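Structure, as structure tokens:
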Amino acid sequence: MAEPIVRKRTYWIVYVVLLALTLLTVLLGYLHMGEFNMVVAIAIATIQASLIAGFFMHALYEAPLVRVVTVGGVIWFLIMMTLTLTDYHTRGWLPFPGK
Amino acid sequence: MTTPQAPPAAPSHIDYLSERQGIWPWLLTTDHKRIGLLYTASITGFFFIGGFFALLMRLHLLEPKGALFGLETYNKLFTMHGIIMVWFFLIPSIPGTLGNFLIPMMIGAKDLAFPKLNLASWYVFMTGGIVTLYSMLRGGVDTGWTFYVPFSTTYSTAYVAGAAIGIFIAGFSSIMTGLNFIVTIHRMRAPGMTWFRMPIFLWSMYATSLVLVLATPVLAITLLMVIFERLFRVGIFDPSLGGDPVLFQHMFWFYSHPAVYIMILPAMAVISEIIPTFSRKPIFGYTAVAYSSLGIAVVGFLVWGHHMFVAGLSVYSAMAFSFLSYLVAIPSAIKVFNWTATMVKGSVSWDTPMLYAIGFLGLFTIGGMTGLFLAALGIDVHVTDTYFVVAHFHYIMVGGAVMGYLGGVHYWWPKISGKMYPEGLARLSALIVFIGFNLTFFPQFILGYLGMPRRYAAYPDEFQFLHVLSTAGATILGVGYILPLCYLIWSWKYGKPAGRNPWRATGLEWQTSSPPPSHNFEVTPVCTHPAYDFEGMKEELELA
Ligand SMILES: [Cu+2]
């Protein structure tokens, strides 16, 4: 498969966006939002990771099957996280020790 | 002056076995069939090593206080039995041997998509196996095959890191094999071989490969974390270092439950070929059977919490995992019912592969149904970590996976070796395996229900009768496994020539000579029939 031609400008724009998002993460760290600090930080990190995978790792320019594989990997990671968290986040809901 | 051109060389009919002899042409081969045989030899060796440990354990348990070993040695025996059987026999068994041999032939290709990667996978597998065997010889491992923390990271004084590194290495061979199969099935199918004309074997192997690729990396990371915490005191699982011990179980079973499907899906692949051939009927509900493999592969990733019901898993999480575990029974049941329906009004014959297939049907059903007992929260509390669990998973892994493997080896042996094995002896040993297996493991259901814990080297006097039955069964089972080894090796040299298609089966692999030429087919085959089209191919099959 021929290598896709991506303009240098695109890389620079993505790079600047990534830096801006990092700055945003740092600044939001100073706000006190309780549990939402974590939610926002992870949301921003997810956007950053997607930009890197999409542009720098060329996932966006690959054949459909390769994109399916990439997205599949992410979905399986989310399965692992979500079902593990069903445990950690529901502990202590019952009025018995250890439940 | 011109010399007349030499006549074009006649197409070579040299088969893959008699071409280039000697040790190097075998050790450096990229022929998927030869690599399949390399795998066969290796996993057979591992199987008998692991089986030897099992036999020692059963002999020890003849007496309530234990007949042979100290407690520590017993711990090492069941650990090494588990590690070898799971990672060095069951996981690579059918994919490494029959999968390697058959996938390219069934889709009408000359080889897998990446022949060199295939050879590399065998070397990586052997490296992992040797590292693990070496740490066993140096002193053994005593954690159980599950490597539970904190014992494995903090307290065990055995060679935990060495064994874990061996398994870590072997994992890469799983990933290479899975990747190779996925790409091959996507890219290398012969003209006319559409997805829904593929034999069910390929659907099942495809689903297996997906699980191999998606699950194995998680095991690798988990073992690496165990090694890091053990050697460098990095806080991952140890609460005093800020870690969480239950996290280990989440990550371990995220791999190890799907690993059960890495073992059983390939056996289902084999059964789905044997039953139509010996019933002379297309498989009942092709589409449902094909999709149920994918269903098992996907839903199998959502159920791992059922191993942790008494390990501190929260109640709500346990309820979710219990429900999802029931769900995974649906695609398995679809297969069992459809295989049975395939036999209805078929012209059933009782050749050896079919005996193994029928045995599989019964034993897998018992194994699966007792799995539902274990998915029920209330019953699980009672039987967790007892012989009930041991019996359950041996019904799946030995009654299911090993029966499937043996059935497949017999079914494709004429293709692999070009020879027939002695049918009478083969039927007899299939029967011996079935009887020995049930005598070994059925008493363990009762033992477990009565409260016999797994991994104990001693037990109360009143359990002795059932333990003795189980040991007696194990010796019979041992005979049932040694017999095929002997007569298959014998037939390699002295068996009757098999011919192209001794079972009058429909797959492309039967349309080439036995043993096949190096590149499988003299001309690239064109697939013109749906799978299992016994009616449509009647004339071709009569001529075979
Ligand atoms: Cu499980």
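A:G34 versus (1) assigned to a helix (DSSP H, G or I); (2) open to solvent by less than 70 Å² (accessible area, probe 1.4 Å): which is the lone unmet condition?
Against the list (1) assigned to a helix (DSSP H, G or I); (2) open to solvent by less than 70 Å² (accessible area, probe 1.4 Å), A:G34 comes up short only on (1).
Hey, B:F373 hits all of (1) among the aromatic types (F, W, Y); (2) within 30 Å of B:S518 (Cα to Cα); (3) within 16 Å of the ligand (Cβ to nearest atom) but one; which does it fall short on?
The failed condition is (2).
Look through B:F309, B:F301 and report the one residue that is among the aromatic types (F, W, Y), within 19 Å of the chain's Cα centre (by Cα) and within 14 Å of another protein chain (Cβ to nearest Cβ).
Among B:F309, B:F301, only B:F301 is among the aromatic types (F, W, Y), within 19 Å of the chain's Cα centre (by Cα) and within 14 Å of another protein chain (Cβ to nearest Cβ).
Exactly one condition in (1) more than 19 Å from the chain's Cα centre (by Cα); (2) touching a residue at least 60 places away in the same chain (Cβ under 8 Å) is not met by B:E273; state its number.
(1)
Condition test on A:L27, is it part of a helix (DSSP H, G or I) and either open to solvent by 50 Å² or more (accessible area, probe 1.4 Å) or touching a Gly at 6+ places or on another chain (Cβ under 8 Å) (or both)? Explain how you work it out, then say what you get.
Values: part of a helix (DSSP H, G or I): yes; either open to solvent by 50 Å² or more (accessible area, probe 1.4 Å) or touching a Gly at 6+ places or on another chain (Cβ under 8 Å) (or both): yes.
Yes: the conditions hold for A:L27.
Filter the helices (runs of 4 or more DSSP H) completely within segment B:349-443 down to those with at least 2 residues that are more than 21 Å from B:M85 (Cα to Cα) and open to solvent by 10 Å² or more (accessible area, probe 1.4 Å).
B:352-375, B:377-383, B:403-417
Considering only residues that are open to solvent by less than 40 Å² (accessible area, probe 1.4 Å) and not in a helix (DSSP H, G or I), look in segment B:298-311 and name the one that is nearest to the ligand (Cβ to nearest atom).
Among those that are open to solvent by less than 40 Å² (accessible area, probe 1.4 Å) and not in a helix (DSSP H, G or I), it is B:V303.
How many residues does segment B:169-219 contain that are within 14 Å of chain A (Cβ to nearest Cβ) and within 30 Å of B:Y159 (Cα to Cα)?
11
Can you name the helices (runs of 4 or more DSSP H) wholly within segment B:52-114 that have at least 3 residues being under 14 Å from B:G144 (Cα atoms)?
Fully inside segment B:52-114 and qualifying: B:71-83.
Which of (1) hydrophobic (A, V, I, L, M, F, W, C); (2) away from the ligand (no atom under 12 Å from the Cβ); (3) open to solvent by less than 20 Å² (accessible area, probe 1.4 Å) does B:I264 not meet, given it meets every other one?
For B:I264, the exception is condition (2).
Could you tell me whether B:Y286 is in contact with a helix residue (DSSP H, G or I) (Cβ under 9 Å, 6 or more places away or on another chain), within 11 Å of the ligand (Cβ to nearest atom), within 17 Å of B:F201 (Cα to Cα) and touching a residue at least 24 places away in the same chain (Cβ under 8 Å)?
no
Would you mind stating whether A:R91 is among the basic types (K, R) and more than 11 Å from every other protein chain (Cβ to nearest Cβ)?
When the stated conditions are applied, A:R91 does not pass them.
Take segment A:56-88 and flag every residue that is closer than 22 Å to B:R187 by Cβ and more than 8 Å from every other protein chain (Cβ to nearest Cβ).
Hits for segment A:56-88 are A:H58, A:A59, A:Y61, A:E62, A:A63, A:P64, A:V66, A:R67, A:V68, A:V69, A:T70, A:V71.
Considering segment B:312-325 alone, what residues qualify as being at the interface with chain A (Cβ under 8 Å from one of its Cβ atoms), in a helix (DSSP H, G or I) and more than 12 Å from the ligand (Cβ to nearest atom)?
We begin by selecting, within segment B:312-325, every residue at the interface with chain A (Cβ under 8 Å from one of its Cβ atoms); these are B:312-317, B:320-321.
Subsequent filtering for residues that are in a helix (DSSP H, G or I) retains B:315-317, B:320-321.
B:V315, B:Y316, B:S317, B:A320 - these are the residues of segment B:312-325 that are at the interface with chain A (Cβ under 8 Å from one of its Cβ atoms), in a helix (DSSP H, G or I) and more than 12 Å from the ligand (Cβ to nearest atom).
Output the residues belonging to segment B:349-370 that are farther than 30 Å from B:V310 by Cβ and within 16 Å of the ligand (Cβ to nearest atom).
none
Please go through (1) away from the ligand (no atom under 16 Å from the Cβ); (2) in contact (Cβ under 8 Å) with a residue 40 or more places away in the chain for B:L241 and return the number of the only condition it doesn't satisfy.
(2)
Within segment B:244-260, how many residues turn out to be within 14 Å of chain A (Cβ to nearest Cβ), within 12 Å of the ligand (Cβ to nearest atom) and either open to solvent by 10 Å² or more (accessible area, probe 1.4 Å) or not hydrophobic (A, V, I, L, M, F, W, C) (or both)?
6
For residues that are within 14 Å of the ligand (Cβ to nearest atom), free of Cβ contacts under 8 Å to residues at least 40 places away in the same chain and open to solvent by less than 40 Å² (accessible area, probe 1.4 Å), tally how many sit in segment B:326-348.
Of the residues in segment B:326-348, 1 are within 14 Å of the ligand (Cβ to nearest atom), free of Cβ contacts under 8 Å to residues at least 40 places away in the same chain and open to solvent by less than 40 Å² (accessible area, probe 1.4 Å).
Under 8 Å between Cβ atoms, at least 6 apart or on separate chains: pull out the pairs that start in segment B:198-227 with a residue that is over 16 Å from B:M105 (Cβ atoms) and end on any residue that is open to solvent by 20 Å² or more (accessible area, probe 1.4 Å) and in a loop (DSSP other than H, G, I, E, B).
From residues that are over 16 Å from B:M105 (Cβ atoms), the pairs are B:M225/B:V234; B:M225/B:I236.
The values are calculated or read from the model by the stated rules, or taken from the named source; none is laboratory data. The shown structure was predicted, so the numbers you read here are calculated from the model rather than taken from an experiment. Cβ sites come from the backbone with ideal geometry, for glycine too, and all protein chains shown count toward neighbours. The area values use the complete protein model at the heavy-atom level, side chains included, leaving out ligands, DNA and RNA. Shrake-Rupley method; radii C 1.70, N 1.55, O 1.52, S 1.80 Å.
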